[in-house]
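In what follows, a single structure is set out as structure tokens and then discussed.
The values are calculated or read from the model by the stated rules, or taken from the named source; none is laboratory data. On a predicted model such as this, the values are computed, not experimentally measured, just so you know. Heads up, the Cβs are rebuilt from the backbone with ideal geometry, glycines too, and the neighbour counts pull from every protein chain shown.
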Amino acid sequence: MVGLFRLLGACLLLSPALVNAQINMPRGVTPVSQDIYGLHMYVIWIVVGIMAVVYGVIIFSLIRHRKSKGAVAATFSKNNLLELMWTIVPLIIITAIAIPSIRVLIEMDDYDAADLTVKITGHQWKWQYEYLDQGVGFFSTLSTPIEEVIGVEEKNEFYLLEVDEPLVLPTDRKVRFVVTSNDVIHSWWVPELGIKRDAVPGYVYEAWARIQEPGIYRGQCAELCGVNHGFMPIVVKAVPPAEYDKWIAERASAAKTAQGSRSDLTLPEAMKRGAALYDQHCGACHKYDGSGMPPTFPSLRDSSITTGSDINRHIDVVMNGVPNTAMQAFAPQLDDEELAAIITYERNAWEHDTGDLVQPSQIQARRQ
Amino acid sequence: MANGVPAAAGQQSVPRRVISFITRWTTATNHKDIGTLYLCTALLNLFVGGTLALCIRAELFVPGLQFVEPNFFNTLTTMHGLIMLFGFIMPVAVGFANWLIPMMIGAPDMALPRLNNMSFWLLPSATIMLISTLFMDGGAPNFGWTMYAPLSTTYGPPSTDYMIFAVHMLGLSSIMGSINIITTIFTMRAPGMTWMKLPVFVWTWLVTAFLLIGIMPVLAGAVTMMLFDRNFGTSFFDAAGGGDPLLFQHIFWFFGHPEVYVLALPAFGIISQVIPTFSRKPLFGYRTMVAATILIGILSYIVWAHHMFTSGMPYGAQLYFMLATMLIAVPTGMKVFNWITTMFRGSISFETPMLFSIAFVFMFTFAGCTGVMLAVAPADFQYHDSYFVVAHFHYVLVNGLTFAFIAGAYYWYPKFWGRMYNERLGKWHFWLSTISVNVLFFPQHFLGLAGMPRRIPDYALQFVDFNFISSCGAFVFGFSQLIFVYNMITSRRRGEPASDRVWEGAEGLEWTLSSPPPHHSFQTPPKVD
Ligand code: HEM
Ligand SMILES: [Cu+2]
Ligand SMILES: [Cu+2]
């Protein structure tokens, strides 16, 4: 038994050496996150003090007042003054905690005079960002390949904390976030910004940040939102204001020109793009081999929609979704070419081999 | 168990013995039989829930997906939470109540024995229904034990309706059990057993029973609204239909927070019995103990939205719930101080129940401190829904309450069965459990602070080390509990016969009865002075 204790003790002592992980809350890079950190440390020291007193008295009694040492029990069982004391002292302690907390709470609640507003919408399982004043918007999806998740490939440094397109924000400007959801409740959490806001369907919830240092800040969805809750990270890229202005101007003009250009796809082209897009947008529910998770998430293999002759039915389901189910409308999320590629892929993958090739123009035609 | 079984039982044929065994237990109305049934069911569920927890920890041993799919992972956390709360920790408390309350107040039995039988048998029916969802098409509930809408309504698997029915049955069972306990305490006390002479365990259960009657109908209401949203086209919680997803959270936590104290108060009661015995000194501050119990009961109704700081409450509501939550730390603190002062200048010995109780005081104090941290609303924006919360509530539920119930099991075992448990095995169980449970849950505080969300099947590489340590602790802790079961089973036959008083410092009516106590605890009311 003693040997076992030694072993466990050794493990515990060694563990900090083995561990190069962070053990405390990050200080963060915004006024709010730093104030939260300050509050956190302040309360930690208070509770450490409480624990020192409480544990001190217990350990003292356990050593000094044990029967094997011949201790004889006293008989007292009440003491008005003492009992009054430990009603009053905790009251004083909680007052000491409450006052600075109230101050930070007020600060967090100050949403006025923002320089720009970003709307954040939670979707099963990706984030949508819209720069409301510039008309720029995009989706941000996990970019870690499935091979790393299932262990076929080596995991990279930012495993599960990387996205295809990060949220770009300027430093030193006051950014206002409005957070909502398209389906279930999610929660947008970036520890270094000190922001966690539940994205609740039907509600808009505000937050603000003034980022002090350029850098990349990573976070994750914090509220259970279904199967891939663990796979919808957040990446914020904070850049100096000038760089941000340049970036947003480019995005705004790119968004305008993209609408015109459209070329026809060939079948191999469409299959290649479709496969990648399918894995990214559909694989979570319908599985990468199309088998789904019936009955909630239907299999697309040999379904009448994906193999039937009425292609428009297939296109409509993907574009408009199915109300009141997890099948969302993809028309607002993907462009014509992407939709065409995905649908072509579904109609030819998994030995469907219908030979159908859907063109962006067909999608365009059904957009109205 | 021999009570009431005819002497001729040994000569019956096997099928008859089986039938008489079944009828004996299904028709049992004796408070000790029901108590035993509750305790055995709870123990069984502890192992079911524990197995699920070990599956979770196995998946989280290393990053990447190894054993379970993300959807099944969500099922595991949900079922683990539901089974542990409704199948283990609530029944274990009711089991002790059934065994002890009549003996402690000098009554022959509970006031309503047949109701008692019914409230027990609803429990296994409900748990079986709950567990059966694991084998249904589309899988078991996968939205967490908090069942937040709309994930549980619009997006829930078909088996959710079975879960709702199980929750209804569990609620009914709790309400009937509570009515029974309240009636017993009000009407069956021995002459001279005045309110201020009631053992603290009885007091805590009295308040708990009132809490249960207050909250179980609220939970039933919440799940009924879920049922309607799912099947009958209402939109209580569906924003698209004019409903409100946050309404669900308010209703749920109006049940959920008092529920925490439903679990905690009986455990406080047990600790308040064990510590004086092994300190050989009367409980310090009996009056403040009773006052704190009642105060906790009242305050627990008005702090629920501290679980919802990040869901978008107005500033004023956040302020109010922050302050109210901090206030509830005061009566809880009073209890801890009273236990410590009871030990102070006592004559302490370290039998297994005392060891578990001391560990309880240590680790529950720790959990209380992280609780105060969580109450600080601005900081909760970082803690909420992270592993910090998982660590906090496991320090409450496992290192705290489960340890208290284990202390109670060792403490009254000789009284219940007339034989001592094996002290050596008890100490092994204690040390293995205490060390491993801290290895299991302590590192999770760091994980949460560093940013790991709860309820995720896979994690980023900065969380690798602590998850590994935590999983190691989990397996040692899980398997250590087998020592406990082995000890409880073998000591029934092999243990040394126990005296009536059992412990040198034991005080209270239950210790004046024989060990094991007679079938009808007090045929004639004892004299209390
Ligand atoms: C062997 C001991 C135990 C282990 C290893 C364990 C482990 C875990 C783990 C890994 C989670 C999931 C955390 C997450 O991903 O969010 C969890 C959740 C939970 N556990 Fe335990 N646990 C144990 C015992 C208990 C006990 C005894 C109780 C109650 C009495 C309990 C109550 C809960 C609850 C309520 C949840 C939350 C479920 C949810 O997220 O919906 N656990 N536990
Ligand atoms: Cu999520
Ligand atoms: Cu609570």
Check your understanding: Quick one: residue B:300 ticks every box in (1) part of a helix (DSSP H, G or I); (2) within 9 Å of chain A (Cβ to nearest Cβ) bar one, so which box is it?
Key -> (2)
Check your understanding: Mind checking which residues of region B:40-70 are assigned to a helix (DSSP H, G or I), surrounded by fewer than 20 Cβ atoms within 10 Å (Cβ to Cβ) and either polar (S, T, N, Q) or within 16 Å of ligand 3 (Cβ to nearest atom) (or both)?
Key -> B:51
Practice item. Considering (1) away from chain A (no Cβ under 14 Å); (2) in contact with a Gly (Cβ under 8 Å, 6 or more places away or on another chain), say which one residue B:276 fails and leave the rest. Key: (1)
Practice item. Pull up region B:252-303, narrow it to residues that are among the hydroxyl-bearing types (Ser, Thr, Tyr) and more than 16 Å from ligand 1 (Cβ to nearest atom), then point me to the one that is surrounded by the most Cβ atoms within 10 Å (Cβ to Cβ). Key: B:279
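Within region A:146-156, which residues are part of a loop (DSSP other than H, G, I, E, B) and surrounded by fewer than 16 Cβ atoms within 10 Å (Cβ to Cβ)?
Scanning region A:146-156 gives A:150, A:151, A:152, A:153, A:154, A:156.
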Check your understanding: Listed residues B:470, B:515; which is closer than 20 Å to residue B:349 by Cβ, surrounded by 15 or more Cβ atoms within 10 Å (Cβ to Cβ) and of a type in the set (S, T, N, Q)?
Key -> B:515
Review point. Only one residue in B:120, B:88, B:73 is within 10 Å of ligand 1 (Cβ to nearest atom) and under 19 Å from residue B:173 (Cα atoms), so which one is that?
Key: B:88
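Let's see how each residue does on (1) closer than 12 Å to residue A:120 by Cβ; (2) surrounded by fewer than 23 Cβ atoms within 10 Å (Cβ to Cβ); (3) not acidic (Asp, Glu):
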residue: A:188; (1), (2), (3): yes, no, yes
residue: A:194; (1), (2), (3): no, no, yes
residue: A:202; (1), (2), (3): no, yes, yes
residue: A:223; (1), (2), (3): no, no, no
Study note, to complete from the structure: Of the listed residues (B:58, B:42, B:93), the one being over 19 Å from the mean Cα position of the chain (by Cα), of a type in the set (Gly, Ala, Ser), more than 9 Å from ligand 1 (Cβ to nearest atom) and at pLDDT 95 or above is B:58
Exercise for review: Go through the residues of region B:238-258 one by one and say whether even a single one is under 27 Å from residue B:84 (Cα atoms) and polar (S, T, N, Q).
Suggested key: yes
Check your understanding: Which is more than 11 Å from chain A (Cβ to nearest Cβ) and out of contact with any Ser or Thr (no Cβ under 9 Å at 6 or more places or on another chain), of B:361, B:398?
Key -> B:398
Point to revise | Enumeration of residues in region A:216-258 that are away from every other protein chain (no Cβ under 11 Å) and either on the phi > 0 side of the Ramachandran plot or among the hydroxyl-bearing types (Ser, Thr, Tyr) (or both) | key: A:244, A:253, A:257
Exercise for review: Give B:30, B:71 a once-over and let me know the one that is farther than 22 Å from residue B:260 by Cβ and within 26 Å of the chain's Cα centre (by Cα).
Suggested key: B:30
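With a cut-off of at least 2 residues that are within 16 Å of ligand 3 (Cβ to nearest atom), name the strands (runs of 3 or more DSSP E) lying wholly within region A:178-251.
Once the strands (runs of 3 or more DSSP E) in region A:178-251 are filtered for at least 2 residues that are within 16 Å of ligand 3 (Cβ to nearest atom), nothing remains.
Output yes when any residue across region B:332-342 is within 16 Å of ligand 1 (Cβ to nearest atom), in contact (Cβ under 8 Å) with a residue 24 or more places away in the chain, part of a helix (DSSP H, G or I) and not charged (D, E, K, R), and no when none is.
No; the residues of region B:332-342 include none that is within 16 Å of ligand 1 (Cβ to nearest atom), in contact (Cβ under 8 Å) with a residue 24 or more places away in the chain, part of a helix (DSSP H, G or I) and not charged (D, E, K, R).
Let me confirm something: among B:413, B:387, which residue is more than 12 Å from chain A (Cβ to nearest Cβ), buried (at least 20 other Cβ atoms within 10 Å of the Cβ) and touching a helix residue (DSSP H, G or I) at 6+ places or on another chain (Cβ under 9 Å)?
So the residue among B:413, B:387 that is more than 12 Å from chain A (Cβ to nearest Cβ), buried (at least 20 other Cβ atoms within 10 Å of the Cβ) and touching a helix residue (DSSP H, G or I) at 6+ places or on another chain (Cβ under 9 Å) is B:413.
Can you give me the number of residues within region A:78-102 that are touching a residue at least 24 places away in the same chain (Cβ under 8 Å) and either more than 8 Å from every other protein chain (Cβ to nearest Cβ) or not small (Gly, Ala, Ser) (or both)? Reasoning before the result, please.
At the first step, the residues of region A:78-102 found to be touching a residue at least 24 places away in the same chain (Cβ under 8 Å) are A:93, A:96-97, A:100-101.
Applying the additional criterion that residues be either more than 8 Å from every other protein chain (Cβ to nearest Cβ) or not small (Gly, Ala, Ser) (or both) yields A:93, A:96-97, A:100.
Number of matching residues: 4.
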Exercise for review: Mind listing just one residue for me: the one in region A:168-189 that is more than 9 Å from chain B (Cβ to nearest Cβ) and of a type in the set (A, V, I, L, M) and, of those, nearest to ligand 2 (Cβ to nearest atom)?
Suggested key: A:178
Check your understanding: Name the residues in region A:157-184 that are in contact (Cβ under 8 Å) with a residue 12 or more places away in the chain and more than 14 Å from residue A:127 (Cβ to Cβ), would you?
Key -> A:158, A:159, A:160, A:170, A:171, A:172, A:173, A:174, A:175, A:176
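What about residue B:430, is it surrounded by fewer than 23 Cβ atoms within 10 Å (Cβ to Cβ) and within 14 Å of chain A (Cβ to nearest Cβ)? Walk me through it before giving the result.
On the way: surrounded by fewer than 23 Cβ atoms within 10 Å (Cβ to Cβ): no; within 14 Å of chain A (Cβ to nearest Cβ): yes.
The answer is no for residue B:430.
Restricting to region A:195-215, give me the number of residues that are at positive phi and at the interface with chain B (Cβ under 7 Å from one of its Cβ atoms).
1
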Check your understanding: When you go through (1) within 16 Å of ligand 2 (Cβ to nearest atom); (2) under 24 Å from residue A:32 (Cβ atoms) one by one for residue A:194, which number turns out not to apply?
Key -> (1)
Revision key, fill the gap. Going through region B:374-395 in order, the residues found to be hydrophobic (A, V, I, L, M, F, W, C) and farther than 16 Å from residue B:451 by Cα are B:375, B:376, B:377, B:393
Exercise for review: Evaluate region B:141-156: report whether one residue or more is part of a helix (DSSP H, G or I) and over 21 Å from residue B:233 (Cα atoms).
Suggested key: no
Check your understanding: Within the bounds of region B:326-338, is there any residue that is touching a helix residue (DSSP H, G or I) at 6+ places or on another chain (Cβ under 9 Å), farther than 21 Å from residue B:93 by Cβ and of a type in the set (Lys, Arg)?
Key -> no
Exercise for review: Kindly list, by first and then second residue, each pair from a residue in region A:62-75 that is small (Gly, Ala, Ser) to a residue that is in a loop (DSSP other than H, G, I, E, B), limited to pairs with Cβ atoms under 6 Å and residues at least 6 apart or on different chains.
Suggested key: A:71/A:65; A:71/B:347; A:73/B:280; A:73/B:281; A:73/B:346; A:73/B:347; A:74/B:345
Exercise for review: Considering every residue within region A:109-117, establish whether at least one is surrounded by 15 or more Cβ atoms within 10 Å (Cβ to Cβ), in contact with a strand residue (DSSP E or B) (Cβ under 6 Å, 6 or more places away or on another chain) and modelled with pLDDT under 90.
Suggested key: yes
Check your understanding: Which members of region A:161-191 meet the condition of being under 13 Å from the mean Cα position of the chain (by Cα) and either more than 27 Å from residue A:329 (Cβ to Cβ) or outside the structural domain of residue A:247 (by TED's automatic domain parsing) (or both)?
Key -> A:161, A:190, A:191
Point to revise | Single match in A:128, A:134 (criterion: at pLDDT 90 or above and not small (Gly, Ala, Ser)) | key: A:128
**Study point:** Failed criterion for residue A:244 (all others in (1) within 16 Å of ligand 1 (Cβ to nearest atom); (2) touching a strand residue (DSSP E or B) at 6+ places or on another chain (Cβ under 7 Å) hold)
**Key:** (1)
